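Report on one structure; see the data block that follows.
The values are calculated or read from the model by the stated rules, or taken from the named source; none is laboratory data. Keep in mind that what you see is a predicted model, and the values were worked out from it rather than measured. A quick note on method: Cβ atoms are made from the backbone with ideal geometry, for glycine too, and the neighbour counts reach across all protein chains shown.
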Amino acid sequence: MQPVRTTLDAEEMPRKWYNILPDLPEPLAPPLNPATMKPISPSDLEVIFPKALIAQEMSSDRYIDIPEEVQQAYMLANRPSPLQRAIRLEKELKTPAKIYFKREDLSPAGSHKTNTSFAQTYYNMKEGVEKISTETGAGQWGTALALSCRYFGLTCKVFMVRASYDQKPYRREMMRVYGAEVNPSPSNLTDFGRKLLAKDPNHPGSLGIAISEAMDVAVKDKKTNYSLGSVLNHVMLHQTVIGEETMLQFQKLDEKPDVMIGCVGGGSNFAGFTFPFIGEKLRKKTHTEFVAVEPKVVPSLTEGKFEYDFGDTAGMTPLLMMYTLGHNFVPSPIHAGGLRYHGAAPTVSQLVNKKVVKAVSYQQKEVFDAALMFARTEGIIPAPETSHAIKAAIDIALDAKKKNEKKIIAFNFSGHGLLDLSGYQQYLDGKMV
């Protein structure tokens, strides 16, 4: 019998997170305080983050211990997750390439986001924080944080991008089931939200706007901290359990991936999947290529500028050196709500800038074409975000077919699409642009 899955036992789960900062081609440009335009100090961040996460954000240690309580929570989130081979997709494509995908969809929240939500909530709980506010696009991050807040006994307030709030009602209700308060953004709960709604009562919102609203709530309430689902270094760090597991699974297969792929909005699932391998490449221990995939309508990495910009729309965050379309950019309301962000993580941005990572972009309809092919061959319905990575994997597999190359392709299956069926309905009814 041909094995389809490569699994790990609980005792093989990573005990440390990998920090890419010491291995980057050059030191990361520091975040700037917008008031002084000088590098931000750790104390400046204490109004919204616990001290432990601030220390991780700036750490130069290559590995950071995962607390036992977080490891225990990871098992609830179905870690370690399987590495699965897409044999039926390979046959459909008639390619000599092997295609593997990492199953991050098996978390109760439906995506990779629990890898950082459990960690962030744990550190907030340990420092006596009672409430957490956050933003969410498609809802994967909000769902993960709602789950982990319930797990560690905190209250969760979510600002959900209005376009996704309307498109994905069951993702919204999933957060409420876990006990979170969910508000469409822009909302009437903040001055910035009210200002935007006064100009456009039907404003579709953006992740940048939702970040501004969530931060506003945290800054004004001493019992509330802010939590971010992507972009920052400590978030990338927590996600590296994905890549560390994948590395061990490929060792068990006695194979090495030629290409690793992930979709990118802020960059957390791409970073988590690839950073341990990129660290190996930067130390000249592997030949693997890395591909970051984004939507054509939000082309931060492929068409944005590499410069300092705010992480939010209102200009409340520190300035980050990243690829950006400008913090006032309002993207089209595509179904891949988690990829509708104006910028990209500074670490991912630097790696693209230094040509360690290649960035590509796709139109929404061709992404759903790929999603349908995957669902009908492998039986798993992917999230629209994940489908960007699937599209790239299919293209690379077809190129390998033309060249008769036995490439090993791996992508991160970052989340399932069971709560994205309205998007599939639009596609199947021929109404998708």
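At-a-glance table
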{"item": "Number of the condition not met by L351 [criteria: (1) surrounded by 24 or more Cβ atoms within 10 Å (Cβ to Cβ); (2) in contact with an Asp or Glu (Cβ under 8 Å, 6 or more places away or on another chain)]", "result": "(2)"}
{"item": "Matching residues in the stretch 87-145 - criterion: being in a helix (DSSP H, G or I) and among the small types (G, A, S)", "result": "S117, A119, G142, A144"}
{"item": "Enumeration of residues in the stretch 69-78 that are crowded, with 21+ Cβ neighbours inside 10 Å and in contact with a Leu (Cβ under 9 Å, 6 or more places away or on another chain)", "result": "A77"}
{"item": "Top-ranked residue in the stretch 25-83 [being part of a helix (DSSP H, G or I) and among the acidic types (D, E); ranked as farthest from the chain's Cα centre (by Cα)]", "result": "D44"}
{"item": "Residue list for the stretch 244-262, restricted to those being out of contact with any helix residue (DSSP H, G or I) (no Cβ under 9 Å at 6 or more places or on another chain) and aliphatic (A, V, I, L, M)", "result": "L253"}
{"item": "Condition met for P14 (under 21 Å from the mean Cα position of the chain (by Cα), within 21 Å of M247 (Cα to Cα) and either among the small types (G, A, S) or assigned to a loop (DSSP other than H, G, I, E, B) (or both))", "result": "yes"}
{"item": "Members of the stretch 49-90 that are in contact with a Lys or Arg (Cβ under 9 Å, 6 or more places away or on another chain), more than 27 Å from V217 (Cβ to Cβ) and among the small types (G, A, S)", "result": "S81, A86"}
{"item": "Residue satisfying all of: in the stretch 29-61; farther than 21 Å from T116 by Cα and among the hydrophobic types (A, V, I, L, M, F, W, C); surrounded by the most Cβ atoms within 10 Å (Cβ to Cβ) among these", "result": "I40"}
{"item": "Residue within the stretch 396-412 that is within 20 Å of A163 (Cβ to Cβ), surrounded by fewer than 19 Cβ atoms within 10 Å (Cβ to Cβ) and modelled with pLDDT of 95 or more present", "result": "no"}
{"item": "Residues located in the stretch 249-297, provided they are in a helix (DSSP H, G or I), of a type outside the set (D, E) and over 18 Å from the mean Cα position of the chain (by Cα)", "result": "Q249, F250, Q251, K252, L253, G279, K281, L282"}
{"item": "Residue identified as hydrophobic (A, V, I, L, M, F, W, C), within 28 Å of H327 (Cα to Cα), in contact (Cβ under 8 Å) with a residue 40 or more places away in the chain and crowded, with 16+ Cβ neighbours inside 10 Å among I64, I20", "result": "I20"}
{"item": "Residue match in the stretch 339-347 (condition: of a type in the set (K, R), more than 19 Å from the chain's Cα centre (by Cα) and either farther than 14 Å from I211 by Cβ or in a loop (DSSP other than H, G, I, E, B) (or both))", "result": "no"}
{"item": "K403 being over 27 Å from E245 (Cα atoms), basic (K, R) and free of Cβ contacts under 8 Å to residues at least 40 places away in the same chain", "result": "yes"}
{"item": "Residue tally, condition more than 17 Å from M175 (Cβ to Cβ), part of a loop (DSSP other than H, G, I, E, B) and not β-branched (V, I, T), over the stretch 418-433", "result": "4"}
{"item": "Check on E366, more than 21 Å from V4 (Cα to Cα), part of a helix (DSSP H, G or I), in contact with a Gly (Cβ under 7 Å, 6 or more places away or on another chain) and touching a residue at least 24 places away in the same chain (Cβ under 8 Å)", "result": "no"}
{"item": "Evaluation of A198 against (1) in contact (Cβ under 8 Å) with a residue 24 or more places away in the chain; (2) surrounded by fewer than 24 Cβ atoms within 10 Å (Cβ to Cβ); (3) of a type in the set (A, V, I, L, M, F, W, C); (4) assigned to a helix (DSSP H, G or I) (one fails), failing number", "result": "(1)"}
{"item": "Matching option when the condition is out of contact with any strand residue (DSSP E or B) (no Cβ under 8 Å at 6 or more places or on another chain) and not aromatic (F, W, Y), among A163, A180", "result": "A163"}
{"item": "Hey, S212 part of a helix (DSSP H, G or I), among the hydroxyl-bearing types (S, T, Y) and in contact (Cβ under 8 Å) with a residue 12 or more places away in the chain or not", "result": "yes"}
{"item": "Count of residues meeting criterion [without any contact (Cβ under 8 Å) to a residue 60 or more places away in the chain, buried (at least 18 other Cβ atoms within 10 Å of the Cβ) and not polar (S, T, N, Q)] in the stretch 281-300", "result": "1"}
{"item": "Residue count, the stretch 16-54 (criterion: within 17 Å of Y122 (Cα to Cα) and either in contact with a helix residue (DSSP H, G or I) (Cβ under 7 Å, 6 or more places away or on another chain) or acidic (D, E) (or both))", "result": "7"}
{"item": "Inter-residue pairs, beta-carbon under 6 Å, first of a type in the set (D, E) and in the stretch 120-137, second part of a strand (DSSP E or B), 6+ apart", "result": "E135/F159"}
